Amino acid sequence: MIEKIGIIGVGQMGTGIAQACILAGYDVFLHDASQEALQESLASLDRSLEKKVARNKLLIQDKEKAIARLKSVESLKEFQSCDLVLEAITENETAKKSLFKELIPHLSSQCLLASNTSSLSITALGHATDRPDKFMGMHFMNPVVVMPLVELVRGIETSTATFNAIGDVVKRLGKETAVSEDYPGFIINRILLPMINEAVYAIFEGVGTIEAIDKGMRLGTNQSMGPLELADLIGLDTCVSILEVLYKTRGDSKYKPCPLLVKYVEAGWLGRKTKQGFYDYKGEHPVPTYRRIHDLS
C-alpha cells in the first residue's frame, strides 16, 4: 500500500504533483537541489491552496491538514521511508540517470520508482536503476491541478504489480489514465509537439501572426488554449527537448524543432516561467513578442 510519496524536482510539474498528492491524503516528501526553488515551491503551493479556500473549493481545515502532510527535505536520505518516489526534474536523460544513481542507496528495497518524463525511454531509465521491475512512467499533464489525465508507460521490465499499484495512486488522485507503449513521446507528446512545432513554423514562414494562430486553433478546433500559449505554459526548452528526442529516435524531419523555437530558447525566452516566450507576461496582459522583433528591423 502506497502512503508515503517522495517527489524530486519542484518546477511547475513537481509542485503541482505534490499538491495533488497531499489533497488526496498522501504524505509527501518534497526535494530539490535548489533550496531557493524549494522554498518558492512551498510558497506557490500554499498560495494555490489559499485560492481554493477563497473560492469555497476547499475548507480551511482541509487545507491545513494537507499542508501538514507535506515535508520539504534537504537530503535524499530522507526518502528511506517512502513507498513511491517520483522524479520530476529537467527533461534530460543523463541528469535523470545521475539522479537515480544517487537516490537508489537511500531507498527501501520495496520502494517503487516513477518518472514524469514526457518523452524519454522508460526502459532505458529503468535500466539505470537497481529495480527496473519497480519502475515506470507516470506522465502528468500541465497544469497538474487542473488536467484530469496521467499517461502511464510501462518499460519492458515493469511488473504488473507495479503498474497496478501506480494505477491505484492515479485513481486516488481523482485522475484518469491513458496507457502508452514505451515509444518516444508516448501518445500525448508524439501528437501534441508536432502541432506546436507546426504552429511555430506558421509564424516563421509568415502564414499568420501569433494572435491569429492561437485564436484560429482555439475557435476553429475548440481547444481551450492555442498551441503557442500552450508552448509557453509547457516551457519552450521542454518543447525543444521533446522534439529533439522525437527527431533523434524517429529520424523524421517533421520532428525537427523550428529554427524560431530554437532561437527563443537560445535567448532564454522559455515561456511563462521566464515571463517571456511567444508572449511577454511582464505586463497586465500577455503581449505577442514576434511582432516586436520585426518592428525592430
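The values are calculated or read from the model by the stated rules, or taken from the named source; none is laboratory data. Remember, predicted model here, so these are calculated numbers, not experimental data. Neighbour counts run over all protein chains shown; Cβ positions are idealised from the backbone, glycine included.
Quick check: anything in the range 152-169 under 30 Å from Asp280 (Cβ atoms), in contact (Cβ under 8 Å) with a residue 12 or more places away in the chain, assigned to a helix (DSSP H, G or I) and not β-branched (Val, Ile, Thr)? Within the range 152-169, none of the residues are under 30 Å from Asp280 (Cβ atoms), in contact (Cβ under 8 Å) with a residue 12 or more places away in the chain, assigned to a helix (DSSP H, G or I) and not β-branched (Val, Ile, Thr).
Take the residues of the range 69-93 that are small (Gly, Ala, Ser) and touching a Phe, Trp or Tyr at 6+ places or on another chain (Cβ under 9 Å): which is farthest from Cys239 (Cα to Cα)?
Looking only at the range 69-93, we keep the residues that are small (Gly, Ala, Ser), and these are 72, 75, 81, 88.
Subset that is touching a Phe, Trp or Tyr at 6+ places or on another chain (Cβ under 9 Å): 72, 81, 88.
Numbers: Ser72: 29, Ser81: 34, Ala88: 15 Å.
For the range 69-93, the residue satisfying everything is Ser81.
Please find, among Ser81, Ser180, Ser98, Ser109, the residue that is crowded, with 17+ Cβ neighbours inside 10 Å, farther than 18 Å from Gln19 by Cα and among the hydroxyl-bearing types (Ser, Thr, Tyr). Please lay out each step first, then the result.
On the way: Ser81 fails: crowded, with 17+ Cβ neighbours inside 10 Å; Ser98 fails: crowded, with 17+ Cβ neighbours inside 10 Å; Ser109 fails: crowded, with 17+ Cβ neighbours inside 10 Å.
From the options Ser81, Ser180, Ser98, Ser109, the qualifying one is Ser180.
The range 200-281 holds helices (runs of 4 or more DSSP H) entirely within its bounds, and those carrying 3 or more residues that are hydroxyl-bearing (Ser, Thr, Tyr), within 22 Å of the chain's Cα centre (by Cα) and crowded, with 17+ Cβ neighbours inside 10 Å map to 236-250.
Any residue in the range 186-205 that is in contact with a Pro (Cβ under 8 Å, 6 or more places away or on another chain) and among the basic types (Lys, Arg)? Yes, the conditions are met somewhere in the range 186-205.
Only residues that are assigned to a helix (DSSP H, G or I) and surrounded by fewer than 23 Cβ atoms within 10 Å (Cβ to Cβ): list them for the range 112-130, please.
Within the range 112-130, the first condition is being assigned to a helix (DSSP H, G or I), and the residues that meet it are 122-127.
Residues satisfying the conditions are Thr123, Ala124, His127.
Val179: part of a strand (DSSP E or B) and either under 30 Å from Leu228 (Cβ atoms) or in contact with an Asp or Glu (Cβ under 6 Å, 6 or more places away or on another chain) (or both), yes or no? Write out each step before concluding.
Values: part of a strand (DSSP E or B): yes; either under 30 Å from Leu228 (Cβ atoms) or in contact with an Asp or Glu (Cβ under 6 Å, 6 or more places away or on another chain) (or both): yes.
When the stated conditions are applied, Val179 passes them.
Residues of the range 183-194 that are crowded, with 16+ Cβ neighbours inside 10 Å and under 20 Å from Ile213 (Cβ atoms): Asn189, Leu192, Leu193, Pro194. Just one of the numbered conditions (1) exposed (fewer than 15 other Cβ atoms within 10 Å of the Cβ); (2) part of a helix (DSSP H, G or I); (3) in contact (Cβ under 8 Å) with a residue 40 or more places away in the chain is not true of Pro143: (2).
All conditions but one from (1) under 18 Å from the mean Cα position of the chain (by Cα); (2) within 30 Å of Tyr264 (Cβ to Cβ) apply to Thr177; the one that does not is (2).
Of all the listed residues (Asp232, Asp237, Asp214), the sole one being closer than 18 Å to Asn189 by Cα, in contact with a Leu (Cβ under 6 Å, 6 or more places away or on another chain) and touching a residue at least 12 places away in the same chain (Cβ under 8 Å) is Asp237. Of the residues making up the range 101-121, just one is farther than 15 Å from Cys82 by Cβ, more than 15 Å from the chain's Cα centre (by Cα) and touching a residue at least 60 places away in the same chain (Cβ under 8 Å), namely Ser121. Taking the conditions exactly as written (out of contact with any His (no Cβ under 7 Å at 6 or more places or on another chain) and free of Cβ contacts under 8 Å to residues at least 40 places away in the same chain), does Leu86 satisfy them or not? Judged against the criteria, Leu86 is not a match.
Return yes or no: is Leu120 closer than 23 Å to Asp27 by Cβ and touching a Pro at 6+ places or on another chain (Cβ under 9 Å)?
Numbers: closer than 23 Å to Asp27 by Cβ: no; touching a Pro at 6+ places or on another chain (Cβ under 9 Å): yes.
So Leu120 does not fit the description; no.
For the range 32-71, filtering for residues that are more than 13 Å from Cys21 (Cα to Cα), of a type in the set (Lys, Arg) and surrounded by 13 or more Cβ atoms within 10 Å (Cβ to Cβ) leaves 1.
Residue pairs whose Cβ atoms lie under 6 Å apart, sitting 6 or more positions apart in sequence or on different chains, and linking a residue in the range 241-266 that is assigned by TED's automatic domain parsing to the domain that holds Tyr201 to a partner that is among the charged types (D, E, K, R), are Ser241/Glu91; Tyr247/Lys256; Val265/Asp237.
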